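Have a look at the structure below before the remarks.
The values are calculated or read from the model by the stated rules, or taken from the named source; none is laboratory data. Note that the structure is predicted; figures quoted are calculated from it, not measured. Cβ sites come from the backbone with ideal geometry, for glycine too, and all protein chains shown count toward neighbours. Side chains are part of the model used for accessible areas, which takes the heavy atoms of the whole protein and leaves out ligands, DNA and RNA. Shrake-Rupley method; radii C 1.70, N 1.55, O 1.52, S 1.80 Å.
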Amino acid sequence: MKLLILLMLCPVFLVAQEKTSAKLAAYMQAQADVNNFSGTVLVMKNGTILLKKAYGLADYEWNIKNTLDTKFQLASVTKQFTAAAILQLVDSGRLSLNDKLSKFFPDYPKADSISIHMLLSHSSGLAMGFKEIALSSISRDSAYAAIKKIPFEFSPGTNSAYSNIGYYLLAKIIEKVSGEHYATFLKKNIFDKAGMNNTGVSNNESIVPKKAKVYYHNDEGFIHNPYINWEINLGHDGIYSTVEDLAIWDQALYGTTILSATMKKKMFTPYNSENWGYGFIINPFYNHGHYLIAHDGGFFGTMTSFNRFTDDKLFVTVLSNNGSASHIIGYGLSAIAFGKEVEMPYKHRRAKIDTTIYNDYVGEYGKIRILKIAGKLYYNDADIELIPESKTKFFRADDNDRTIEFVEDKTDGYNSIILTKGGVKEVFPRSNRNE
């Protein structure tokens, strides 16, 4: 009887799956046509591929198209692999999460107060990053000496704030403890074991077949990424991969080939108010009501997004080599996979309107603050201008895939906004007005 019911339901599931795949494909084609998306995308649910496709160019000068096996820099999606390597060393007894930084780098400021756990969970107080150093050609030793001088954001263990420096130090700890180069350790203990044959760690000498060039956008259009010193920009960044290899990694994280159940529990536990686990953010607020383990990345033209909805066995990853908003696109794709209505991307055009109405919009709408400065409307601060496309609807100057629409209550003015992000709509009631 159960088998008969399953056989009867099978065509229904297949039709639903085909509809979802068609919607995902239409959404991504619009991202390519409207927003010039360049990169690759993979959406997989319960082991079945719903969308796997490449868009745009791997090399703008030679007009070489991206393909499914094009390799992309991962930016901060790298952090989960660094965390996994550290946990392997913990599991083998060569390292403890309570070990202090001073055990490995006694000359680092406050090293006696910083534990491995703090480095992994972004609670060390170390600063966000060191972009200027990463873009320089100085040696590893000179870079370390310069990074040591960067001031702390807070005393170790008293707060949490995202830190690339923490993961840079974790990569150096992997090398100290294992006696191997970071790239060698990860290849042997993670990539090869998982079967990720198109994944590796960048350097400035090796020729990597089918690796996309990276471009970012300035006022004149797309230009080449600047020189990045991969001897320094390591641990928090540095790994390249493909969407297919990342799908293999996602599946490996359900098993125990790479990490034991105990180590995975540590990795996927949120440790602070910002929900940082080890190398992942756990169940962030933009999760469509589903449990999410995720991380995004971005450095100049590299933009990446890695999303595991583990209760639903849904995996969504987006890799871009031209600064496309992969995290926003991943948000839209996951919403479609969950059956939500998603608005297709479209060209936003500035409209001429009477700006005196801006006074009616100023105020707070939940977590969003609308400001008026020098006759212009802004989102949260003076850096992000809202450009009108109608009297009530605005798109962000930095990202036309996010819009704000003011909703009028006939009895009491504009009392809510509709925030659309990657095509997904969310309503925020007005919490107070700024007169």
For the range 301-389, which GluC sites (Glu not before Pro) pass both filters: DSSP loop (anything but H, G, I, E, B) and at most 13 other C-beta atoms within 10 Å? 341
With +1 on each Lys and Arg Cβ and -1 on each Asp and Glu Cβ, and nothing else charged, work out how big the dipole of the chain is about its Cα centre, in Debye to the nearest 20. 780
Give me the accessible area of residue 67, 1.4 Å probe, in Å² rounded to the nearest 10. 60
Give the separation of the Cα centroids, the range 366-412 to the range 31-101, in Å. 33
Aspartates and glutamates within cross-link reach of residue 313: Cα-Cα under 12 Å, excluding same-chain residues under 8 positions apart? 250
Efficiency of FRET between residue 158 and residue 313 - r from beta-carbon atoms, R0 35 angstrom, step 0.05: 0.40
Theoretical gain in end-to-end length, residue 367 to residue 131 [0.36 nm per residue, Cα-Cα removed]: 82.0 nm
Which lysines, if any, have their Cα less than 16 Å from the Cα of residue 149, not counting same-chain residues under 8 positions apart? 110, 131
Accessible area per residue of the chain at 1.4 Å probe, in Å²? 45
Difference of contour (0.36 nm per residue) and Cα-Cα distance, residue 390 to residue 251: 45.5 nm
Taking Cα atoms, how many degrees apart are the long axis of helix 2-35 and the longest axis of the chain, rounded to 10 and kept between 0 and 90? 80
Is the C-alpha gyration tensor of the range 93-244 telling us rounded, prolate or oblate? Criteria: a/c under 1.5 is rounded; beyond that, a/b larger than b/c is prolate, otherwise oblate. oblate
What does the extension gain come out to for residue 350 and residue 425, with contour length at 0.36 nm per residue minus their alpha carbon separation? 24.9 nm
Which aspartates and glutamates does residue 211 reach when only Cα atoms under 17 Å apart count, and residues fewer than 8 places away in its own chain are ignored? 59, 61, 69, 237, 244, 245
Report, to the nearest whole %, how much of the accessible area of the range 60-174 belongs to carbon and sulfur atoms, 1.4 Å probe, protein only. 52
Compute the helix-to-body angle for 79-91: its Cα long axis versus the longest principal axis of the chain, expressed 0 to 90° and rounded to tens. 40
Going by the alpha-carbon gyration tensor, a ≥ b ≥ c the square roots of its eigenvalues, is the range 1-153 rounded (a/c under 1.5) or, if a/c is not under 1.5, prolate (a/b greater than b/c) versus oblate? oblate
The chain, helix-only ellipticity at 222 nm - DSSP H runs n ≥ 4, -39,500 (n - 2.57), divided by all residues, nearest 500: -8000 deg cm²/dmol
What's the longest uninterrupted piece of the chain once you rule out the trypsin sites (Lys or Arg not before Pro) that are loop residues per DSSP with at most 16 other Cβ within 10 Å? 214-312
Net charge dipole size for the range 145-224 [Lys, Arg +1 and Asp, Glu -1 on Cβ; Debye, nearest 20]: 300
When a/c is below 1.5 the answer is rounded, else prolate if a/b is larger than b/c, else oblate, so apply that to the range 127-189 with a ≥ b ≥ c taken from the square roots of the Cα gyration tensor eigenvalues. oblate
Rg(Cα) / (2.2 N^0.38 Å) computed for the chain, rounded to two decimals: 1.04
I'd like the orientation of helix 164-178 relative to the chain: the angle between its Cα long axis and the longest Cα principal axis, in ° from 0 to 90, rounded to 10. 30
